[in-house]
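Right, one structure below, let's go through it.
No lab work stands behind these numbers, since they all come straight from the coordinates. What you see is a predicted model, and the numbers here were worked out from it, not measured in a lab. Cβ sites come from the backbone with ideal geometry, for glycine too, and all protein chains shown count toward neighbours.
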Amino acid sequence: MRQLILLRHAKSSWDDPGLPDHARPLNARGRRAAAVMAAVMRDLGLGPDLVLVSSARRTLQTLEALSPLPDSPLVEPMDDLYLATWQRMLDTLRGLPETVRSVLLIGHNPGMHDLALALAGPEAMQRGTAPGTARLADNFPTAALAEFSIGVPWRSLQQGQARLLRFIAPNDLPEMAG
């Protein structure tokens with residue numbers, strides 16, 4: 001079995017309207033949410049072999065907030081993941097070596113949400129057995145995490161071939177209340 005963890009970047013700042021989108025940093029709430037999600041990942045024992053991260057500042061800062069990750073995974077910042085479509089992200093996953101057992105992909109919406117829905121497939125979303133399925137069906141908020149189990153080789157990964165194990169959004173956690 002392979003593991004895929006999708007993490008949308010935490011909330012970014014719009015304070016500087018002249019700043020290019022790619023260069024926008026996290027805001028204070030985003031930094032807090034990323035730290036909370038780092039604790040969630042540690043508590044769940046989520047430790048990827050490989051981290052694929054968009055080259056945008058907000059995704060890289062989200063990754064920084066997760067550090068240190070267990071077992072020091074290989075980190076690969078990728079320009080291709082910046083505002084990537086779900087199909088582009090799926091192509092990236094299909095290109096992974098079969099030796100990679102667990103991947104953390106940090107990216108952007110709408111691609112991240114669309115990828116999660118495509119991987120789970122419409123039938124799984126309707127059954128809604130995994131924790132957070134209904135929440136994922138609606139949206140993929142900033143700093144939210146979706147964990148999938150994948151039983152096929154990366155190169156063969158298609159829509160509906162991943163099993164959603166859980167979906168967690170920071171606003172659903174007591175640490176983010178208030």
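Miscellaneous remarks
- Under-5 Å amide H pairs with V75, H placed in peptide plane, nonlocal only: V51
- Shape metrics for region 25-75, restricted to C-alpha atoms - Rg then Dmax, Å: 10.8, 29
- Peptides ranked, highest mean first, by Cβ atoms within 10 Å: ranges 144-153, 104-113, 157-166: 104-113, 144-153, 157-166
- Square roots of five times the Cα gyration tensor eigenvalues for the chain, Å: 23, 18, 16
- Helical segments meeting 15 Å axial Cα length and Kyte-Doolittle -0.5 threshold in the chain (DSSP H): 28-44, 111-127
- Antiparallel beta bridges, as assigned by DSSP with both residues in region 2-176, represent about 45 percent of the total such bridges.
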